[in-house]
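Student: For reference, the structure I am asking about is given below.
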Amino acid sequence: MYNINRDTLSNLAEINKSQIKPHGSKKKVEANVRLKVVIPFFEALGWNKISDIEAEFPVRNKRVDLCLLIKGFPKLLIEIKDIDEDLDKHVKQATDYVFDLESSVDKVILANGDEFRFYKCDIITKTYKKILEWKRDELSNEDRQNEIIALISKKHLSDEIKQERLDETTLEIFIKKFNHWKILLFNSLSQEIHYKYAKNEDFKEKIDKWVNFRPELSLEWTWKDETDSTSMNDYFSKALNQELKIKVTVTKSNESKFWKQYKNPGFKQEIHDALRNSGIAVDLFDKFALESAYLFLIRILFLRMAEDFGFIPYKILTPSWIMNFYKYRREKSIYHQICSCLSEIDYHFPIIYKYPLFDNIYFKDLTWSKVILIKIIEEIILFDFSTSESDLIGKIYEKSIDKNTRKLLGKFYTDPIIVRFMLSKLEEINEDKTVLDPACGSGTFLKEYYQKVQKLMISKGYAQDDIPDILKHQLWGFDIDPFAVQLTSIKIIIQNFKKAPKERNIYNINSLASKLDDSYKKALNTEKDILSERFDYIFGNPPFFVVNTTEQPYKSIIDTGYYNSIKSSNLNIASMFLYRYILQLKQNGQLVFIFPRSMLHINSFENVRKEVLKKKIQYIYDLGKAFEDVGLEQIIVIVKNDDYTDNIIHYGLLNLESTSKEISELIQYEIDQDYIINNKNLVFEVFSGNKTGHPTSGRQIKEKLLRTSNGKNVNDYCTKIQRGLGYQKYAYSKRRNSDDLIIIGGRSIFNYGKKGTETYRYIPKNKVVKAKMSQKASINLYSPKIMLQRLVTSKIRIVGCYDNEPIDIKERFNIQVNKNEKIKIFTLSFDTILTLYLKEEKYARYLLAVLTSELATYYLRDFVFIRQTLTIDLDTIYLEKIPIVEPTDVQLEEITELIKKLEIFVENGQEKSPVSERKRPDWENPEDNLYQKYSNLIDQLNEKIYDLYGLDSTEKDFIKAQINEFDDYY
């Protein structure tokens, strides 16, 4: 098939020049060069002059001498010159043929019969490189023959376009190509969108409208807005290192070397180019470009699958279609050629193509690079999809858009294992139940539900081809993002290509609107208000962000009054979804949502908790940080539209790290719903519930603590509790003037003491001490105080110390209330410290003891923060929930003395081994020789606090077990 004739190559080397061009002739002999040298040369390399070689191949309004074809695809151009011509003069002409063809052809040979040059061109950058050069008289040399055969033989070039079956074994190869296509198309569209936004008022208006009605978008957004995440900075740094071939470290701090360099326009542009070349969106226009690239590729991929599965009557994307594409130059012609390949799909599967790119922005609003489109289509044709699994598009999308790209695009993927677990909690699933995902995203929930019901129906005897028509009325999906709607539609259609209905109930709408207005009805070609439909099951993973109720589109939604019962100063969109869709359940219908875990206890969710508690809450499953992209902890909430009388809520912590494909529960609690309803602020105290095998419960212990304290809390012992001073912008690490004041933050304290002077910061005295000094600054400077770290870490424990020592005489400054009186001053604190000012100083160390005790840690974890492990603000509203017992004089003295011992201990330990801001004290490390003594003092303190509250050994053991459970699993 690919015969190589080395003898012919050797014979060509022996041809006398006079046989090609007679001596003394001035006539051009390009025809002789073609006939006697070039064509025999390529025939010797396995090319057939009848089927593989086309003469006078058209390129724009010119013609190149020869074009080599494989399976009808142009593969190599050949420009022939007279045997006496200097080829240096014709390199541009030859390479311009490649650029002007605007195809995936990237190779050209320039030859004059005596000399051959092989060039490879980069069509995107319009550059070229000479790969090989040889003389005709070298063709008898075996090594030279091998070089030429390896580059331009028909076998070699045919291997480049060999069709491969797309399956699990070739999927990774395809993903690499898919990502390459995405980056090419993304960069082309990015340039187009930036230019058009600046120059075209109509286009600018469309983009502005798109942004205004998408609250998660902002024209001011840039990639820099994502650099507060360590994982994103690592992602950016890796991309830049690969592109720039130098070490680049992107950091959070604006004062780092990188961000200082970034202020330089040249460096900034270099960084932007490198990011875009890695497929990373730099600004909002890039987001649009990247999503447009994905959408086009997904549509073409769907078309190829439909072709190879045989669900359109003939193949559209063929070599002849591409050859026609080569001829077009005008933008409109290119657009219509692309539309021609989609029109057949539009007939068979209109739901895929009836939507624009985004809202009111259409394909025709952008200029699509013909070169890149041809390259993509030529290469995608080389994959055979006929044996591919039905969910191939979903797999390609999910594997090609990593977690960091999803975060940049604001798209989050729900693991099918989690989805299947959620669907397993639906009761009495059958083919008659109606279901809705009101934020359908990439369609994972609806796809998994379809497969689950399809399996059930087949077991009942339904024919597989009858299932799509039955389920088309049962499955519903809403999303504000057209891209999501199309991807969901594709995922459902490809479950059964053969019998896929032309229409589905997958709608591009704002699913939080209270009703569907007439304009939407017209756009969606429906007479009914689909937002008023009720469903048997509603499930999904709705978005989480705080809504700006003063801006569109949410202002008009809020102004309807529909959400009045859940309004708050920080209304989360997730609350709107939960409230909106528990109201859309049929009687005994179920809602299964992934939700922010903070919903269990944060005050801003109190109103939505109140509404949800009117229904029967069946399950709360803890996912922890299942979605690294989001940076939040999540739960699964399962609610049934049924009476909640005597209902017991099941809480479970899920094991998502198991190698098994099944999700199991690590911890379980059973909680009385009435108990939560009667709780202050309706906090979901799931850990107050009963545990199998335990004689007591968190609820019993909490009630005992509240009784023992007689309702007292920190407010009964303090004149004021407030954050420190927000003076960070005035502070510096070294003292600049003798009267600068010391100020410290949360990282400068540990339990029962302050860290060394190297953790101090300094601010000018005149920033604090003024003629009209603020009350907050005055009390902070002139009063002793308990200082607590305000930012509570994942360990959820209170860290604090008592600062009652005036600044040492060496540090004291000439600060006077009046001319004759000097007063004591104390260390200032930043607002990363919560300060407690005592009514009576005798209670200071006692209060510190209770707050830093094991008992308070347990209470804070299980009843206040409900084991939320992300950083939390320890503000008064949370601190005041801890019950504080009024001690006897003896108890007060004993506990105060213990704290003093601890203060002396940590002061001595600090002198031996200073503790930096981020370092853990040595004495808290079990490997350190100071640990045992420190631990003994802490144990004594904890025992005294337990005794203070009258807890018995069973209750103490329960609390210790709860603390260990948290440490082991959260």
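The values are calculated or read from the model by the stated rules, or taken from the named source; none is laboratory data. Here the structure is a predicted model, which is why all the values come from computation and not from measurement. Here Cβ is always computed from backbone atoms with ideal geometry, including for glycine, and neighbour counts include all displayed protein chains.
Student: Would you pick out the residues in region 181-214 that are of a type in the set (Lys, Arg) and part of a helix (DSSP H, G or I)?
Tutor: Selection gives Lys182, Lys196, Lys199, Lys204, Lys206, Lys209.
Each row is one residue, and each column tells you yes or no for (1) loosely packed, with under 14 Cβ neighbours inside 10 Å; (2) in contact (Cβ under 8 Å) with a residue 40 or more places away in the chain; (3) under 30 Å from Ile322 (Cβ atoms).
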position	(1), (2), (3)
Asn3	yes, yes, yes
Ala13	no, yes, no
Ile20	no, yes, no
Lys27	yes, no, no
Lys36	no, yes, no
Pro40	no, no, yes
Leu45	no, yes, yes
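Student: Pairs under 9 Å by beta carbon, first residue under 25 Å from Val592 (Cβ atoms) in region 553-576, partner of a type in the set (Lys, Arg) and in a loop (DSSP other than H, G, I, E, B), six or more apart or different chains?
Tutor: Here the result reads Tyr562/Lys515, each pair linking region 553-576 to a residue that is of a type in the set (Lys, Arg) and in a loop (DSSP other than H, G, I, E, B).
Student: Name the residue that is farthest from the chain's Cα centre (by Cα), counting only residues in region 874-903 that are assigned to a helix (DSSP H, G or I) and β-branched (Val, Ile, Thr).
Tutor: Val890
Student: When residues of region 936-959 are filtered for being assigned to a helix (DSSP H, G or I) and among the aromatic types (Phe, Trp, Tyr), how many remain?
Tutor: Qualifying residue count, region 936-959: 2.
Student: Taking Thr227 as the residue in question, decide whether it is surrounded by fewer than 16 Cβ atoms within 10 Å (Cβ to Cβ), out of contact with any Leu (no Cβ under 6 Å at 6 or more places or on another chain) and hydroxyl-bearing (Ser, Thr, Tyr).
Tutor: No, not satisfied.
Student: Also, I was wondering about something else. If you go through region 860-873 one residue at a time, do you hit one that is surrounded by fewer than 20 Cβ atoms within 10 Å (Cβ to Cβ), in a helix (DSSP H, G or I) and assigned by TED's automatic domain parsing to the domain that holds Thr793?
Tutor: Going through region 860-873, the residues surrounded by fewer than 20 Cβ atoms within 10 Å (Cβ to Cβ) turn out to be 869-871, 873.
Then drop every residue that is not in a helix (DSSP H, G or I), which leaves none.
The answer is no; no qualifying residue exists.
Student: Which members of region 241-268 meet the condition of being touching a Ser or Thr at 6+ places or on another chain (Cβ under 8 Å) and surrounded by 14 or more Cβ atoms within 10 Å (Cβ to Cβ)?
Tutor: Glu243, Val248, Val250, Thr251, Phe258, Trp259
Student: Here's a follow-up. Take Gln242 and tell me if it is among the polar types (S, T, N, Q), without any contact (Cβ under 8 Å) to a residue 12 or more places away in the chain and part of a helix (DSSP H, G or I). Write out each step before concluding.
Tutor: Details: among the polar types (S, T, N, Q): yes; without any contact (Cβ under 8 Å) to a residue 12 or more places away in the chain: no; part of a helix (DSSP H, G or I): yes.
No; evaluated as a whole, the condition is false for this residue.
Student: If you don't mind, there's one more thing I want to ask. Which pairs have Cβ atoms under 7 Å, sit 6 or more apart or on different chains, and link a residue in region 370-384 that is on the phi > 0 side of the Ramachandran plot to one that is modelled with pLDDT of 90 or more and in a helix (DSSP H, G or I)?
Tutor: Short answer, once both residue conditions are applied: none.
Student: Residues of region 461-471 being surrounded by fewer than 18 Cβ atoms within 10 Å (Cβ to Cβ) and touching a residue at least 24 places away in the same chain (Cβ under 8 Å), which ones?
Tutor: From region 461-471, those surrounded by fewer than 18 Cβ atoms within 10 Å (Cβ to Cβ) are 461-466, 469-470; that's our starting set.
Across region 461-471, the qualifying residues are Tyr462, Gln464, Asp465, Asp466, Asp469, Ile470.
Student: Give the number of residues within region 699-710 that are under 45 Å from the mean Cα position of the chain (by Cα) and either on the phi > 0 side of the Ramachandran plot or of a type outside the set (Asp, Glu) (or both). Steps first, answer last, please.
Tutor: Our first condition is that a residue be under 45 Å from the mean Cα position of the chain (by Cα); within region 699-710, this holds for 699-706.
Still in the running and either on the phi > 0 side of the Ramachandran plot or of a type outside the set (Asp, Glu) (or both): 699-702, 704-706.
Final tally of qualifying residues: 7.
Student: Considering only region 358-377, I want to know if a residue exists there that is outside the structural domain of Tyr97 (by TED's automatic domain parsing), within 29 Å of Ile173 (Cα to Cα) and modelled with pLDDT under 80.
Tutor: Scanning region 358-377, I find at least one residue that is outside the structural domain of Tyr97 (by TED's automatic domain parsing), within 29 Å of Ile173 (Cα to Cα) and modelled with pLDDT under 80, so the answer is yes.
Student: Does Tyr802 satisfy the condition of being at pLDDT 95 or above and among the aromatic types (Phe, Trp, Tyr)?
Tutor: Working: at pLDDT 95 or above: yes; among the aromatic types (Phe, Trp, Tyr): yes.
Yes, satisfied.
Student: Which residue out of Ile895, Ile872, Ile884 is touching a Leu at 6+ places or on another chain (Cβ under 8 Å) and within 17 Å of Tyr802 (Cα to Cα)?
Tutor: Ile895
Student: Further question on the same structure: Can you list residue pairs whose Cβ atoms sit under 6 Å apart, with the first residue in region 788-802 being in contact (Cβ under 8 Å) with a residue 40 or more places away in the chain and under 13 Å from Gly753 (Cβ atoms) and the second being among the aromatic types (Phe, Trp, Tyr) and outside any strand (DSSP E or B)? Count only pairs 6 or more apart in sequence or on different chains.
Tutor: Cys801/Tyr752
Student: Looking at Tyr732, Tyr752, Tyr782, which is the one that is in contact with a strand residue (DSSP E or B) (Cβ under 8 Å, 6 or more places away or on another chain), of a type in the set (Phe, Trp, Tyr) and more than 19 Å from Leu847 (Cα to Cα)?
Tutor: Unique residue meeting the criteria: Tyr732.
Student: Let me ask another. Name the single residue that is modelled with the lowest pLDDT among those in region 378-408 being among the hydroxyl-bearing types (Ser, Thr, Tyr) and buried (at least 18 other Cβ atoms within 10 Å of the Cβ).
Tutor: This residue is Tyr397.
Student: Which of the following residues is closer than 18 Å to Tyr802 by Cβ, surrounded by fewer than 19 Cβ atoms within 10 Å (Cβ to Cβ) and either in contact with a helix residue (DSSP H, G or I) (Cβ under 6 Å, 6 or more places away or on another chain) or charged (D, E, K, R) (or both): Lys712, Lys720, Lys767, Lys734?
Tutor: Lys720
Student: Tell me whether region 26-40 contains one or more residues that are in a strand (DSSP E or B) and touching a strand residue (DSSP E or B) at 6+ places or on another chain (Cβ under 9 Å). Walk me through how you get there before you give the answer.
Tutor: The first filter runs over region 26-40 and keeps only residues in a strand (DSSP E or B), leaving none.
No.
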